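S.K.: I'd like to ask some things about the structure below.
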Amino acid sequence: SIPSESRQVWQKFGVKEFGGKEEFQQEFIRHVETTLARSMYNCDDLAAYQAASQAIRDRLIVAWNKTQQKHTTKDRKRVYYLSLEFLMGRAMDNAMLNAGIKDITKSGVADLGFKIEDLLEQEPDAALGNGGLGRLAACFIDSIASTNYPGWGYGLRYQYGIFKQRIVDGYQVESPDYWLTFSNPWEIPRYEIQIDIMFYGYTRKYTNDDGKVVHVWEGGEQVQAVAYDVPVPGYGTETTNNLRLWASKPTREFDFEKFNAGDYESSVRESQKAETISAVLYPNDNFYSGKELRLKQQYFWVAASLNDIVRRFKKTHRPWKEFPDQVAIQLNDTHPTLAVVELQRILIDMEGVEWDAAWNIVTNTFGYTNHTVLPEALEKWPVPLFTNLLPRHMEIIYEINLFFLQKVEKMFPKERDLLGRVSIIEESSPQQVRMAYLAIIGSHKVNGVAELHSELIKTTIFKDFVTIYGPDKFMNVTNGITPRRWLHQANPKLCDLIASKVGSYDFLKDLNLLKKIEPFAHDPKFQDEWVTIKKFNKARLAAHIKQSNGYDVNVNALFDVQVKRIHEYKRQQMNIFGVIHRYLSIKAMTEEEKKEATPRVCIFGGKSAPGYYMAKTIIKLINAVSEVVNADTDVGDLLKVFFIADYNVSKAEIIVPASDISQHISTAGTEASGTSNMKFVLNGGLILGTVDGANIEITREVGENNIFLFGHLAESVEDLRHKHRFSDVPLDPNLEKVFNAIEIGTFGDPNIYVSLISSVTGSDYYLVSDDFQSYLDAQKLVDQDFKNKDTWVSRSITAVANMGFFSSDRAIDEYAESIWNIEPIAMD
Ligand code: 6GP
């Protein structure tokens, strides 16, 4: 380390965070002229964005360094959030807000001839996730930093994030998202942190001099993991945590032997193969596809992260049994479940810890969050593939399973079927490793993400495990969202209005303070301002629609929004069928009736997995309906339909604040929580939704008068499905009219929609027909209620006032207290 006399020199010149506007400008120009090697004569918006973000990044790094030093000296327990997805969106606006330098940077760049809005637009989204699960991880790390908890995220640095979506001839077309074209100012490459990761090979065992059986895994393919650190600034605190993303690279650039033998091509092939591991995000949401490369990604990331965590722990020279006092690891769904096995392997094979002691450490370290009950999303890896890729891990899984099943057998000696049901190995052909079971067995707590969902996992997919472990291992932590991005960043005007009543911006840290606006729900002046802001946000979205879809929309119409991944269970098909029903009704109206009707703009957005045929058909139908309806002069302003292409985080920031109504209409029991439902209500939109996921808790908080609920309840779903399978259930008559319209070619070639229609007329797994009438009734109520402007706005205000519970800060406090057992460390 540095000798003490030299430390003074270090301290004298230690980098300080820039304070005022002029210091920011100095830094900005320094980065333009040196980092970018440009000048005021060739500094365009892109260069200005890069220079500004470099200046802000420097500031974050200073705070990051202080935080990490503090956390290391305090030597307290940390949490590590393992997620294969972090759907971060843009970083610059958030960094300015959280660091409290928005005003100085805004006016700082203005003096230099730039508009901050133009610079923000230059940044590509960090789109390293598919949907809910990935965006939740992003909200969570924001909250961990903002509430001063010591915690890191660990993920993969994909070169290609979620694909970009274009609509061609009504169909989704995917193109790659190479988001790293220009260097990424928000990451710090740590080329010195390189970790060797092995795949394949074989295992052998021998007895050492002490008579102990030693297992070795050797002879496999090696790649290297390189760390990239992304600073995560907390809001209104200096705490700046770390998100460490791993990239793969070859251990050797190429094979010299082959090279010298003239086989240049195959000598570089190996290096290309290694880089492939972290190259691309799998574009599936709520769906498991058993690709070997995906399992490789999982192990690569888990092994690198654990190596890092273990190395950090070893520096403290504590005994192994204290590992869970220093380290909590949260598994974001089953994707990181191999971490359970890897930690056991490190302890028993590398560190010589006894099996039982090691297993105790492992189970006290991990917590597992489940995000779905959909059967097609549950990960199961074929044993042959697994054994080939990770032979030693497979052996350890067999052992874990053996000990577990022995325990179960002892507890329930008479229940022979139970063993087969709870075994980690499914006895199919080929056998499969059930990752969720492994995650449960390897963790001390298992949680769902909303009350209903947490109940459902206990009574359905994980029922047997509740019998075995008792109910205390299973709990609920209802999801939340960060108010920094989803209120302040997305809706600064509403934020200012709220602050004028709350008396400060403290509600961005303590969202329960929103309650203070409730007394103004009927205050005409406050209502006026509220409405004006909603209109402004609608106009902002209208401008976007004009640019992307080429239409002018009436901002006085009711904006009805459904944006989320396209999935049959989320029922965008029901929404578009409802739109068709509305279109047919308008066509049948007299001029008098038309005057009474509420004008609507129906807005859709979302990506389909590239291989998901039914979801792609739904997108096509939405676009086909849009084309016909928008061109129909009979309809005029009464109905417009838009599909906004390439829905992502930064588009959500424009769309969410502009809704009057948003739809969260999954078949009851299928949407674990939903988080966009929270975002829309927080921004003053009301929900049209089913009794599912977090809609239920939102209803409880905002009051049932301030939400439009419809449809069958989760408890009836099984019976209804049964009826569809075993008897002839008549199709809903209104839906029948809709199908007739499609079938006679009203929206183009009807052949395209044959399978979509028969998914409903057949088994109707998602109960579209069963819920259709109730859906139309709820829509009718929405139309009527929207006409009454006064009550509508007071409901909107009341709903926002009661959204405090849905801050991700609250969710993180619950995890910290009941699962991680960690405490905040204040930065003074
Ligand atoms: C999603 C759930 O579908 C959504 O309801 C929830 O809000 C979100 O997770 C966050 O908890 N699940 C996924 O995106 C997924 O892929 C495996 O689960």
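S.K.: If a residue has to be within 14 Å of the ligand (Cβ to nearest atom), out of contact with any strand residue (DSSP E or B) (no Cβ under 8 Å at 6 or more places or on another chain) and assigned to a loop (DSSP other than H, G, I, E, B) to count, how many in the range 284-295 make the cut?
M.R.: Adding up the residues that qualify gives 5.
S.K.: Search the range 227-283 for residues being part of a helix (DSSP H, G or I) and hydrophobic (A, V, I, L, M, F, W, C), and hand back the single one that is modelled with the highest pLDDT.
M.R.: A274
S.K.: OK, next. What strands (runs of 3 or more DSSP E) completely inside the range 639-699 contain at least 1 residues that are within 16 Å of the ligand (Cβ to nearest atom)?
M.R.: 661-664, 686-690
S.K.: Can you go through D93, D142 and tell me which one is surrounded by 23 or more Cβ atoms within 10 Å (Cβ to Cβ), in contact (Cβ under 8 Å) with a residue 12 or more places away in the chain, under 26 Å from R565 (Cβ atoms) and within 16 Å of the ligand (Cβ to nearest atom)?
M.R.: When all the criteria are applied, what remains is D142.
S.K.: Ok, one more. Taking the range 713-736 on its own, how many of its residues are touching a residue at least 60 places away in the same chain (Cβ under 8 Å) and either not in a helix (DSSP H, G or I) or not aliphatic (A, V, I, L, M) (or both)?
M.R.: 1
S.K.: Another question, if that's okay. Just to be sure I understand, how many residues within the range 583-615 are assigned to a helix (DSSP H, G or I) and surrounded by fewer than 21 Cβ atoms within 10 Å (Cβ to Cβ)?
M.R.: Residues flagged as assigned to a helix (DSSP H, G or I) and surrounded by fewer than 21 Cβ atoms within 10 Å (Cβ to Cβ) within the range 583-615 amount to 12.
S.K.: Filter the range 469-489 down to residues that are touching a helix residue (DSSP H, G or I) at 6+ places or on another chain (Cβ under 6 Å) and over 30 Å from A499 (Cβ atoms) and give me whichever is farthest from the ligand (Cβ to nearest atom).
M.R.: Per the stated criteria, the residue is F474.
S.K.: Can we say Q159 is more than 26 Å from K296 (Cβ to Cβ) and more than 16 Å from the ligand (Cβ to nearest atom)?
M.R.: Values: more than 26 Å from K296 (Cβ to Cβ): no; more than 16 Å from the ligand (Cβ to nearest atom): yes.
No; evaluated as a whole, the condition is false for this residue.
S.K.: Return yes or no: is A110 under 29 Å from A672 (Cα atoms) and either in a helix (DSSP H, G or I) or among the aliphatic types (A, V, I, L, M) (or both)?
M.R.: no
S.K.: Right, here's the next one. When you check T337 against the structure, is it within 16 Å of the ligand (Cβ to nearest atom) and crowded, with 17+ Cβ neighbours inside 10 Å, yes or no?
M.R.: yes
S.K.: Only residues that are free of Cβ contacts under 8 Å to residues at least 24 places away in the same chain, closer than 17 Å to L419 by Cα and β-branched (V, I, T): list them for the range 439-466, please.
M.R.: Selection gives V466 alone.
Matching residues to (1) surrounded by 10 or more Cβ atoms within 10 Å (Cβ to Cβ); (2) on the phi < 0 side of the Ramachandran plot; (3) among the aromatic types (F, W, Y):
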| position | (1), (2), (3) |
| --- | --- |
| R7 | yes, yes, no |
| K12 | no, yes, no |
| E17 | yes, yes, no |
| G20 | yes, yes, no |
| F24 | yes, yes, yes |
| F28 | yes, yes, yes |
| T34 | yes, yes, no |
| R38 | yes, yes, no |
| Y41 | no, yes, yes |
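S.K.: Quick one: L402 ticks every box in (1) modelled with pLDDT of 95 or more; (2) away from the ligand (no atom under 16 Å from the Cβ); (3) out of contact with any helix residue (DSSP H, G or I) (no Cβ under 7 Å at 6 or more places or on another chain); (4) over 24 Å from R204 (Cα atoms) except a single one, so which number is it?
M.R.: In the conditions (1) modelled with pLDDT of 95 or more; (2) away from the ligand (no atom under 16 Å from the Cβ); (3) out of contact with any helix residue (DSSP H, G or I) (no Cβ under 7 Å at 6 or more places or on another chain); (4) over 24 Å from R204 (Cα atoms), L402 misses (4) alone.
S.K.: Can you pull out the helices (runs of 4 or more DSSP H) entirely within the range 431-484 that have at least 2 residues that are within 21 Å of L338 (Cα to Cα)? Before the answer, list the steps.
M.R.: Values: elements: 435-441, 451-459, 463-469.
Correct list: 435-441.
S.K.: If you go through the range 737-781 one residue at a time, how many are touching a Phe, Trp or Tyr at 6+ places or on another chain (Cβ under 9 Å) and in a loop (DSSP other than H, G, I, E, B)?
M.R.: 4
S.K.: May I pose another question? Go through W179, W152 for me and flag whichever is away from the ligand (no atom under 16 Å from the Cβ) and farther than 21 Å from Q330 by Cβ.
M.R.: W179
S.K.: Would you check which residues across the range 804-828 are within 20 Å of the chain's Cα centre (by Cα) and surrounded by 18 or more Cβ atoms within 10 Å (Cβ to Cβ) and list them?
M.R.: Scanning the range 804-828 gives F805, F806, S807, S808, D809, R810, A811, I812, Y815, A816.
S.K.: Within the range 45-77, which residues are basic (K, R) and in a helix (DSSP H, G or I)? It would help to see each step written out before you state the result.
M.R.: Start the filter on the range 45-77 by keeping residues that are basic (K, R), which leaves 57, 59, 66, 70, 74, 76-77.
The answer is R57, R59, K66, K70, K74.
The values are calculated or read from the model by the stated rules, or taken from the named source; none is laboratory data. Because the structure is predicted, anything quoted here is derived from the model rather than measured. We place every Cβ from the backbone using ideal geometry, glycine too, and count neighbours over all the protein chains shown.
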